[in-house]
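Chemist: Here it is, the structure in full.
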Amino acid sequence: MKTEQNREIAIRLSGVKKRYKLGQIGGGTLTADLQSWWARVRGKEDPNVTVDVDQRLIGQTFMALNGIDLTVYKGEALGIIGSNGAGKSTMLKLLCRVTAPTEGEIDIYGRIASMLEVGTGFNGEMTGRENVYMNGTILGMTKAEIDAKMEDIIEFSEVREFIDTPVKRYSSGMFVKLAFSVAAHLDSEIMIMDEVLAVGDVAFQKKCLDKMREAAKKEGRTVLYVSHNMNTIRRLCDRCIVLDKGKIIFQGNVDDAIELYLSNTHSAWSENQTRFDLSNSPCRSPYTSGDARVTYLELVGKNSAMYASRESMNLGIRVQTRKAYDDLKLRIEVRYSDDSPVGTMPCVSLGRFDAGETRDFLVKFSPEGLTNGRYRIDFVLFETDEVGSSFDQDLLLPAFYCEIQEPEDIVWNQTTWGHIRFPEAKVEAWKGV
């Protein structure tokens, strides 16, 4: 294995580019493809393109990655951050050999265990146990080696009672738990994780972060972690890169990388926007079914997204469903601009929905005591089963940003005091025992 500066190299990318063609791939039949080709030769309109499709897309290319040079060392936990479409997932797919680079070279020294999305590498017809054996075999492990790891995998995954059930019956949370446990425990030198912890519950997220940190620090494994949660990036990673439009614009200190990323992200924020079309929001998590969605949001009675401390928010939302729900619920989560969690409104019932129904709601939300600063407000639509387990149907991360303004005479140190100002305590005389 190659070394550099007395450190063992785990991954090296040199001049890596990935190019995709935009526009129509094919007409579905040989006749249609010939018609489209003949129309382009003559400079005519393609007879097989849907009305209103931009003709300029035909023949164009999109550079998902445009000249990536990166070295990752053994035992290093590297964070990869950037806005949606920056090239993060494309880079990980290249490393996992899901697709090949258009140009450049990728050198990998070690076996890779990855989680690129929920259920990747799992066969839905096979049980959880069978999928563990399949994944281990792909990594080159023997049955005896997998058997030695099986109990640890089942214990960590928290799905023991369902381990012999076909995984097509698993919820998204159960998928994540088992898939992460497999990736974390099977023998591999490199772990690659792509925003997978957004689906798991909070306790399991913490357990996963602890396991990844242990894998890097104690076991000497290399961890590549993509996330929009800056708090988890800060807790886990030794070094961080920022991707923008297919290029690395920064690599180095984690806090410096996060500061650059947030400054770029919030530059598009407009305090004057009070109405949001969320039907095709880029902030929607891809790890939900889409059977229920918040498609519209309005900050009712406001001409800006600026709120005074202790001011209530009246939020007009539109919810659309593709299937029926007995009781669809909404959770609102508040995070500071660096993605650190601040607080949560646990649950409000939106009631019963028929398939294909659209309904509007006015949600009155009081984020009491928030201090000066910019906050992101996340929406989570979910349902629960008969035993209280939660199943997320829609995640908007965020639905919108807002600015909280304290009175000018109040001085607050958020770094040491936090983001919430509690009401003043009442003091009176007391005669102790």
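Chemist: If you check Ala86 against the conditions, is it modelled with pLDDT under 90, open to solvent by less than 10 Å² (accessible area, probe 1.4 Å) and not β-branched (Val, Ile, Thr)?
Modeler: yes
Chemist: Please tell me if Gly432 is at pLDDT below 90 and in a loop (DSSP other than H, G, I, E, B).
Modeler: yes
Chemist: Here's a follow-up. Residues of the stretch 90-144 being under 24 Å from the mean Cα position of the chain (by Cα) and on the phi > 0 side of the Ramachandran plot, which ones?
Modeler: Arg97, Gly119, Gly121 - these are the residues of the stretch 90-144 that are under 24 Å from the mean Cα position of the chain (by Cα) and on the phi > 0 side of the Ramachandran plot.
Chemist: Asp147 versus (1) outside any helix (DSSP H, G or I); (2) open to solvent by 30 Å² or more (accessible area, probe 1.4 Å): which is the lone unmet condition?
Modeler: (1)
Chemist: Please verify whether Gly290 is among the small types (Gly, Ala, Ser) and modelled with pLDDT of 85 or more, treating the condition exactly as stated.
Modeler: Details: among the small types (Gly, Ala, Ser): yes; modelled with pLDDT of 85 or more: no.
Judged against the criteria, Gly290 is not a match.
Chemist: Further question: Scan the stretch 161-172 and report the pairs whose first residue is free of Cβ contacts under 8 Å to residues at least 12 places away in the same chain and whose second residue is surrounded by 14 or more Cβ atoms within 10 Å (Cβ to Cβ), with Cβ atoms within less than 9 Å and a gap of 6+ or a chain change.
Modeler: Arg169/Phe162
Chemist: To continue, here is another question. When you scan the stretch 281-342 for strands (runs of 3 or more DSSP E) that lie fully inside it, which ones turn up with 1 or more residues that are farther than 19 Å from Gln405 by Cα, open to solvent by less than 10 Å² (accessible area, probe 1.4 Å) and not small (Gly, Ala, Ser)?
Modeler: Details: elements: 292-299, 306-308, 313-321, 325-336.
Passing ranges, in order: 292-299, 313-321, 325-336.
Chemist: Moving to a separate point now. Any idea which residue in the stretch 351-397 is modelled with the lowest pLDDT, counting only those that are polar (S, T, N, Q) and either surrounded by fewer than 14 Cβ atoms within 10 Å (Cβ to Cβ) or outside any loop (DSSP other than H, G, I, E, B) (or both)?
Modeler: Ranking the candidates gives Ser389 first.
The values are calculated or read from the model by the stated rules, or taken from the named source; none is laboratory data. These numbers come from a predicted model, not from an experiment. All Cβ positions, even for glycine, are placed from backbone atoms using ideal geometry, and neighbour counts span all protein chains on display. The accessibility values were calculated without ligands, DNA or RNA, using every heavy atom of the protein model including side chains. Shrake-Rupley method; radii C 1.70, N 1.55, O 1.52, S 1.80 Å.
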